[in-house]
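Structure incoming, see below.
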Amino acid sequence: MKKMKMAMAMGVIILMLSACGQAKNPKGTQADVTGGVTEISDGTKEVQETQNDEAAGSVNRNPAESKDDVLESLTGEYSYLSDDGTGRLSIKKTFYGYDISDYESESSYRFLADSSNIETMKDDRIYIKYPEQAFSDGETVFGYYVLEYDINGIDVYYGKSSFDEAELLYHATKIAETMTEGKASDISANQQENSTQAVEKADLERTAEELLDSFIDGSISAVVSMDLTSAFYISDLNMDAEEGDSFSVGEKVDLDNDGENELIVNGPYGGIYFDARDNKVYEFAVAEGTALVLSYTYYNGAVWIMYSNKSSAGFEYYHMEKYEGADNLVAEMNFGEELVDPDNAEAGLKYTLNGTEISCDEYTELCSRIFAAEVNTN
């Protein structure tokens, strides 16, 4: 989920992007999505690839083949050696398209991409622009992955700033499927596959309400908005009701005006709001101390997320955000009051709305409308 920005004097601490492992010398061809293709391979490899293609027969792919056709042909599990043992690259068809996931170990992953992250596909290569970190000001840091495939498996490259600088991370080999002989065994295998597909489809079709309930009961995790590669379970929050800084499960409210409810977990400074989409649960809004007190309000016929800052004497600042879907910010509003002269309290206050000074009466009327409908979630 995307973390909301707040234009205010207090700075926001930025989580640093985690390292993506040791890189080796690249092979093959790297593409610049905005430009041409830069050849960085040697002639020997090109001859070998030609021989492999001729020997593979059906592995040769028609240039007119669609993205889904290519991904369908690559569907399966691939293994590789990682620092933590055996890593796993997975390409899986889903209700929404295709998921492309890279797990360095059972407990950590490099990326969880899907079809929407694919920038282009050409020359037996898939170019993935993956959001690795989202900042509070709306900026997103991307990682650039190239998946080069042939009959021997998939080579995965990574570039921190562009596809051009992508270097080899590892070679992944497809895990062979177990072949069972005999008609009865085939029928059993087909039945098992159909059953698995039915369960997977049911999982993919879970509603937002069901996903949020699964997060509440601890069976699934929520993705961290500031670091889309990280997630946490509700049990990671302090749910001890006896402690003052604890969290508690609140109500479900449509906070992003999309017709589906979000989950409110009440807590310090307003707690955390969660949204469910794409078969996952995401942080939607997060309180961060006295400078980012979280609440929501009803204003001009819609729900707005509000952040309040009353951390300094003679200073109040409010930032509001209106969404139409948790990943679609459609309007913002800033208003507040502060001393005309911070060194002289008797100089009086000035009032602003979206950077423009307004009168005390106008400010009072605005606040009366907004705060009358405000819901605190502390």
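The values are calculated or read from the model by the stated rules, or taken from the named source; none is laboratory data. Just so we're clear, the structure is a prediction, and the values are computed from it rather than from any experiment. Reconstructed Cβ throughout: ideal geometry from the backbone, glycine too, with neighbour counts over all protein chains shown. These area figures cover heavy atoms from the full protein model, side chains too; ligands, DNA and RNA do not enter into them. Shrake-Rupley method; radii C 1.70, N 1.55, O 1.52, S 1.80 Å.
Too long at a 21 Å Cα-Cα cut-off: which of Lys129/Lys160; Lys92/Lys280; Lys92/Lys160; Lys122/Lys280?
Table pairs above 21 Å Cα-Cα are Lys92/Lys160; Lys122/Lys280.
At 1.4 Å probe size, what's the solvent-accessible area of Phe315? Round to the nearest 10 Å².
Surface accessible to solvent at Phe315 totals approximately 50 Å².
Applying a 10 Å radius around every beta-carbon, put 78-89, 269-280 in order of their mean neighbour count, most first.
Ranked from most to least packed, the peptides come out as 269-280, 78-89.
Could the peptides 298-304, 355-361, 228-234, 154-160 be put in order, highest first, of the mean number of other beta-carbon atoms found within 10 Å of their residues?
Highest-to-lowest ranking by the protection proxy: 154-160, 228-234, 298-304, 355-361.
Still on this structure, please answer the following. Got a sec to turn the phi values of segment 291-300 into Karplus ³J(HN,Hα) couplings, 6.51 cos²θ - 1.76 cosθ + 1.60 with θ = phi - 60°, whole Hz, x for Gly and Pro?
Taking θ as phi minus 60°, the curve returns 8, 9, 7, 9, 7, 9, 8, 9, 8, 6 Hz for segment 291-300.
Follow-up question, since we're still on this one. Please list, in order along segment 253-268, the HN-Hα scalar couplings obtained from phi with the Karplus expression 6.51 cos²θ - 1.76 cosθ + 1.60 (θ = phi - 60°), rounded to whole Hz, x for Gly and Pro.
Residue by residue, segment 253-268 yields 9, 6, 8, 10, 6, 10, x, 10, 6, 9, 9, 9, 10, 5, x, x Hz.
Here's another thing I want to ask about it. Karplus couplings for segment 76-90 from phi (6.51 cos²θ - 1.76 cosθ + 1.60, θ = phi - 60°), rounded to Hz, Gly and Pro as x?
Values, residue by residue: x, 10, 10, 10, 8, 7, 10, 4, 9, x, 10, x, 9, 9, 10 Hz.
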